[in-house]
Amino acid sequence: MTNFRRSERDPEVVALAALGFLAGEPERLVRFLALSGMTPQDLRERAGDPVLLAAVLDHLLADESLLFLCAEAEAMHPAEVAAARRRLPGGEGT
């Protein structure tokens with residue numbers, strides 16, 4: 001059996017969990033949409049786009065309290081969000 005650490009989760013999976021966290025609270029989602037300039041339709045059409053997923057993680061990483069809330073709600077460490085961001089377009093690891 002292979003021993004996988006949580007930090008090795010697919011970055012898209014981490015970002016989709018973060019997007020689900022934002023979508024679970026209308027105020028959080030509205031703020032993300034306003035800051036990103038996207039519409040709800042844009043979000044629906046691009047939900048699987050790695051560039052959009054990177055933007056979701058950037059949004060969380062820019063707000064430490066939101067990052068910690070998301071990490072707790074999604075049972076992950078905040079560093080996992082940062083690691084996932086590095087592996088998406090525009091990150092240090094791409």
Extending each Cα 7 Å along its Cβ direction at SER36 and GLU8, get the distance between those two points in nm, one decimal. 2.9 nm
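According to the Cα gyration tensor, what semi-axes, each the square root of 5 times an eigenvalue, does the equivalent ellipsoid of the chain have, listed from largest to smallest in whole Å? Before the final figure, lay out each step's value.
On the way: eigenvalues 92, 44, 28 Å².
Equivalent-ellipsoid dimensions as semi-axes: 21, 15, 12 Å.
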Low-density loop chymotrypsin sites (Phe, Trp or Tyr not before Pro), region 6-94, at most 11 other Cβ within 10 Å, DSSP non-H/G/I/E/B, are none
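Stretched out fully, how many nm does the piece from ALA23 to ARG46 gain, at 0.36 nm a residue minus the Cα gap?
Numbers: separation 23, 0.36 × 23 = 8.28 nm, distance 1.42 nm.
Gain on extension, ALA23 to ARG46, equals 6.9 nm.
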Report the charge-dipole magnitude of the chain in Debye, nearest 20, computed about the Cα centre from +1 at each Lys and Arg Cβ and -1 at each Asp and Glu Cβ. 160 debye
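Restricting to DSSP H runs of at least four residues, report the calculated mean residue ellipticity at 222 nm for the chain, -39500 (n - 2.57) per run over all residues, nearest 500 deg cm²/dmol. Display every interim value, and only then the final one.
Numbers: 6 runs with 62 residues, N = 94.
After summing the helix terms and dividing by the residues of the chain, the value is -19500 deg cm²/dmol.
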Residue (of ALA75, SER65, MET38) at the positive-pole extreme of the chain, dipole from beta-carbon charges: ALA75
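Bear in mind that the values in this text are calculations on the coordinates, not laboratory data. Nothing here was measured: the structure is a model prediction, and the numbers come from that model. Glycine gets a Cβ as well: all are built from the backbone with ideal geometry, and neighbour counts include every protein chain shown.
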